[in-house]
Amino acid sequence: HRSQGLNSNSLTLMRHCLNNLMDKPDGQELVSLLVSIQSVVKNIGAAVRRAGISRLFGAEGSVNVQGEEQQKLDIIANQTFINYLGNSFATCLLVSEEMDNVVEVENEKQGSFIVCFDPLDGSNNIDCLASIGSIFAIYKRKTPKGTAPSLEDVLQPGRQLVAAGYALYGSALMMVLSTGNGVNGFIMDPSIGEFVLTKPNITMNQTIRRQYSVNESYRNSWDPKIQKYIDTKKQGDEPIPQRYIGTFIADFHRTLMYGGIFLYPNNAASPKGKLRLLYECNPASFIIEQAGGRGTNGQEDVLDIQPLTIHDRTQVFLGSKHEIEDLHTCLNQ
Ligand code: P6P
């Protein structure tokens with residue numbers, strides 16, 4: 001029996017996780033955490049779909065730790081993450097782009113994992129219906145169970161990540177996930193209310209000179225070597241296409257799917273970079289490395305950066321191996 005082009009044993013996100021994680025230590029707990037995250041995404045997806053109808057648009061008026069005006073959907077998304085993860089019995093500490101401080105899960109509900117997340121990335125694109133998304137990064141606690149979890153559990157380099165992924169609330173509801181064994185894409189099939197595997201084993205198109213993605217309005221305050229690198233994209237009679245949505249995870253996803261490079265260099269407005277290490281650059285770097293690409297801050301791999309605070313920012317370049325090599329050649333001249 002085939003409905004909606006899918007047969008009755010479609011590989012759902014849940015079955016994919018069970019097949020791949022049950023033989024790992026804490027596999028059962030990680031599956032349970034990923035199922036909770038799936039529920040969070042379904043809820044936020046529903047709220048985003050309703051936004052236009054229920055007029056959830058418009059600024060909430062309050063301001064988050066980044067100094068950005070919070071939209072109502074931001075608040076709903078953050079609360080949904082906190083509520084589901086805090087009651088999953090799989091987490092002990094939570095870091096949210098929307099929260100100044102680390103959230104400690106109540107004692108009797110603590111589990112083995114830490115989740116750093118951006119509940120609704122690209123919120124300034126809500127009112128124009130451009131794609132927005134949620135991003136998450138999962139660490140295993142370092143401190144022993146039964147003791148109080150600490151900042152040491154949160155400020156781990158991205159190299160220690162157990163899993164990372166994101167949701168895109170765009171023309172379809174999509175989840176992309178890696179648990180350290182490749183990257184897989186799942187699309188929500190509304191007829192069964194499940195995320196179904198549609199893009200197994202995503203790997204980056206390694207051809208260089210595909211698209212580049214950067215906000216060129218900051219060009220004048222970039223490092224001259226980066227100005228020069230971007231200028232090479234415009235030379236000759238076949239300039240390289242430039243694409244920029246302004247939602248990090250949507251620009252990242254397009255780069256992952258089509259190849260090329262995404263750049264957010266230091267600039268006068270953000271001298272130490274704008275994008276956040278724990279819940280934007282690390283999960284994206286983990287995923288792109290799993291897909292055969294690379295994530296760097298220009299000097300070192302993003303995953304090797306030792307975080308100092310939970311809202312650290314960094315300059316970031318994410319692309320195919322060859323594109324990043326091309327960039328490094330320019331930066332080392
Ligand atoms: P700019 C959205 O507000 C965000 O945090 C990222 O999602 C996005 O990549 C970036 O800011 C866009 O910043 O300076 O290009 O507007």
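Rounded to the nearest 10 degrees, the angle from helix 27-54 to the longest Cα principal axis of the chain is 70 degrees. Rounded to the nearest 20 debye, the dipole size of the chain about its Cα centre is 700 debye, using +1 on the Cβ of Lys and Arg and -1 on the Cβ of Asp and Glu. Just to be sure I understand: with springs between alpha-carbon atoms less than 10 Å apart, which residue in Asn20, Asn266, Asn43 has the highest mean-square fluctuation in the Gaussian network model of the chain? Result for the chain, Cα springs under 10 Å: Asn20 fluctuates most. In summary, the lysines within cross-link reach of Lys225, defined as a Cα separation below 27 angstrom excluding same-chain residues under 8 places away, comprise Lys233, Lys234, Lys272, Lys274, Lys321. Dipole orientation for the chain: of the candidates Met188, Val103, Gln299, Met188 has the Cα lying most toward the positive pole (charges on Cβ; Lys, Arg +1; Asp, Glu -1). Between 0 and 90 degrees, the angle of helix 72-86 with respect to the longest Cα principal axis of the chain falls at about 50 degrees.
In segment 195-333, taking the dipole from charged Cβ atoms about the Cα centre, the farthest positive-side position among Ser320, Val214, Cys281 is held by Val214. Roughly how tilted is helix 248-258, in degrees to the nearest 10 and between 0 and 90, from the longest Cα axis of the chain? For 248-258 against the chain, the angle is about 70 degrees.
Heavy-atom accessible surface of the chain, averaged per residue, reaches 43 Å², computed with a 1.4 Å probe. Here segment 105-122 and segment 188-257 have alpha carbon centers that stand 29 Å from each other. Think of segment 116-181 as having a plus end and a minus end, set by charges on the Cβ of Lys, Arg, Asp and Glu; of Ala164, Asn125, Thr179, Thr179 sits farthest toward the positive end of this dipole.
The values are calculated or read from the model by the stated rules, or taken from the named source; none is laboratory data. A quick note: this is a predicted structure, and the numbers were derived from the prediction, not measured. All Cβ positions, even for glycine, are placed from backbone atoms using ideal geometry, and neighbour counts span all protein chains on display. What goes into the accessible areas is simple: the full protein's heavy atoms, side chains included, and nothing from ligands, DNA or RNA. Shrake-Rupley method; radii C 1.70, N 1.55, O 1.52, S 1.80 Å.
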